[in-house]
Amino acid sequence: MEDKKTPPTLEELQALIEMTNTLNMEMFYWWCTALMICIHAGFLSYEIGASRLKNALAAGVKNILAFGFIVPSVFLLGWAIYNAFPDGLVPRMDALMAGMPWSQSMGPNIQDNATGIFWGAFALFAATTGSILSGAIIERARMSAFIIMTIVLGGFLWLLAAAWGWHPEGWLTVKWGYHDVGAAGVVHMIAGFFALGVLINLGARIGRFNPDGSANAIVGHSMPMSVVGLMLIIVGFFGFLGGCIIYNSGAQWINIYGQPTNLSAFSFNTLMGFAGGLIGAYLTTREPYWMMSGGLVGIISVAPGLDLYHPGLAYLIGMGVSALAPLVNNLLLKLKLDDAVGAFAVHGFGGFAGLVISGIFLAGYPNVNGMPEISFFGQLGGALVMAALGFFPGYGISYALKKAGILRVPAHAEERGLDLTEVPAQAYPEWSSMYGQSSTVGGSAAPSTAIAQ
Amino acid sequence: MSITTYEGASAVFTFADKPAILAFISFLVAATSLYALIATVIHEKHSYALPDEDLDKLK
């Protein structure tokens with residue numbers, strides 16, 4: 001005879017639903033974080049490929065170290081900064097203390113399924129900022145200087161930007177209606193403008209410019225490696241952008257500002273922005289390095305309005321901004337700024353243009369909780385704040401390091417190559433026996449300068 | 001040990017009830033990062049000073 005089971009009570013069903021929601025939320029961000037590691041892997045491959053043979057491993061070590069230093073920095077102080085500074089520069093002391101590493105929520109806690117998983121996602125966003133800086137300054141920045149700058153940028157600065165513009169109560173949204181769901185400003189602009197400030201003080205690689213100001217191509221040793229790396233970054237972006245949406249138990253997904261949205265919206269516009277970006281860069285460069293970078297630009301430029309754009313509009317925005325990005329990189333070259341991978345054009349310019357354009361197309365959309373609606377001047381103002389918050393610390397720190405004589409490697413080390421000088425390993429041990437010493441300048445393709453020549 | 005039972009527990013990590021020790025551990029994390037940075041500076045200084053004929057010693 002079959003046992004007759006007692007049906008669950010409403011309270012038991014409610015508890016089951018809540019537990020399922022909590023576990024779903026936890027799993028969602030867990031896998032977002034895992035995918036975001038693809039961004040770091042992609043930057044690793046892309047920067048190694050964009051480096052000359054003599055600097056390939058040094059570029060890799062720098063990128064790996066960024067991860068190793070940024071994650072504990074976010075643990076020690078960064079997470080507290082994000083939670084404590086939504087009002088500006090005056091901290092909320094209770095939130096600050098709750099985010100410190102001796103807080104009950106900053107470790108295994110069986111009553112708290114959220115803090116660690118969100119902290120992890122934020123740590124990976126931080127690693128992304130470090131990687132953006134890393135690429136711009138390859139082949140001549142000192143490792144130690146990079147470590148200091150990446151700790152400041154990834155461990156602290158981007159979290160202050162996120163507190164201001166990517167927080168439910170961030171002052172940029174509360175006062176100006178700022179809207180940046182995909183972190184074009186708080187991640188990409190902060191890192192891109194920080195890198196620009198550093199580049200001014202760091203100077204160009206030896207041989208990059210002629211006395212008459214014209215630029216020479218300094219090309220990476222493996223464009224295929226760079227292109228595959230860029231595609232890995234795109235994979236990681238699905239984790240990155242998934243981490244930009246909030247799993248809201250019992251109701252609809254919401255964005256970081258509390259507005260209802262869903263992953264379906266993000267899917268439409270991420271892919272259409274990516275495709276538009278590929279085509280835009282193809283139209284102006286015809287070469288794969290910039291096409292893939294253009295795909296990134298496409299996603300970044302539509303990131304502020306991933307939740308609201310029509311997909312066709314996302315395609316057109318991505319295409320337009322991406323078509324311009326290589327020209328922005330050429331403008332830097334005319335100013336004798338040697339951005340080795342076009343990091344400013346992709347992240348700084350892409351983010352800035354995306355925010356300004358979002359001010360045109362999203363103006364009038366409502367915010368929640370009585371906050372001002374989205375407006376052109378709110379978006380423009382937010383973009384300018386992000387530019388300043390990235391640029392001035394980057395310029396200031398690199399200026400101080402330069403004055404201390406520890407920003408750049410010595411000329412003889414740069415000329416003989418950083419791998420030979422400081423890395424106790426060889427990227428391609430058979431190379432010299434097969435082909436002789438690798439060249440110091442030149443190569444077979446011109447990733448960052450293709451249309452400048 | 002910070003807990004004796006999982007019933008009703010929240011923070012279960014080591015020294016969860018001893019914030020002074022947690023602060024010290026956090027200090028060690030920061031100090032280790034600083035040490036790694038200093039080690040990088042020393043390594044750079046040494047390797048930049050190596051003459052070309054001694055570079056193979058790194059490999």
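Structure data summary
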{"read-out": "10 Å Cβ neighbours from other chains, averaged over peptide B:10-20", "value": "4"}
{"read-out": "Order by protection proxy (mean Cβ within 10 Å, highest first), peptides A:26-36, A:173-183", "value": "A:173-183, A:26-36"}
{"read-out": "B:Ile21 accessible area, 1.4 Å probe, all protein chains in place, Å² to nearest 10", "value": "60 Å²"}
{"read-out": "Between region A:305-355 and region A:193-259, the Cα center-to-center distance that results, in Å", "value": "11 Å"}
{"read-out": "GNM result for chain B, Cα springs below 10 Å: residue of B:Ala20, B:Ala11, B:Ala31 fluctuating most strongly", "value": "B:Ala11"}
{"read-out": "Using alpha-carbon coordinates, inclination of helix A:288-302 to the longest axis of chain A, degrees", "value": "30 degrees"}
{"read-out": "Proximal aspartates and glutamates relative to B:Lys45, as straight alpha-carbon distance under 12 Å, when same-chain residues fewer than 8 apart are discounted", "value": "A:Glu422"}
{"read-out": "A:Met291 - accessible surface, heavy atoms, 1.4 Å probe, Å² rounded to 10", "value": "60 Å²"}
{"read-out": "Shielding by partners, peptide B:35-48 (average Cβ within 10 angstrom, other chains)", "value": "5"}
{"read-out": "Over the protein assembly as shown: Rg over Rh, Cα atoms, Kirkwood Rh", "value": "1.01"}
{"read-out": "10 Å Cβ neighbours from other chains, averaged over peptide A:413-420", "value": "3"}
{"read-out": "Lysine-lysine proximity count for chain A, Cα under 29 Å, sequence distance 8 or more or distinct chains", "value": "13"}
{"read-out": "Crossing angle, helix A:115-136 versus chain A [Cα axis fit, 0-90 degrees, rounded to tens]", "value": "20 degrees"}
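The values are calculated or read from the model by the stated rules, or taken from the named source; none is laboratory data. Fair warning: this is a prediction, and the values are worked out from it, not measured in the lab. Positions of Cβ are generated from backbone atoms using ideal geometry, with glycine treated the same way; all protein chains shown enter the neighbour counts. Each accessible area value is taken on the protein alone, full model and side chains, heavy atoms only, with ligands, DNA and RNA left out. Shrake-Rupley method; radii C 1.70, N 1.55, O 1.52, S 1.80 Å.
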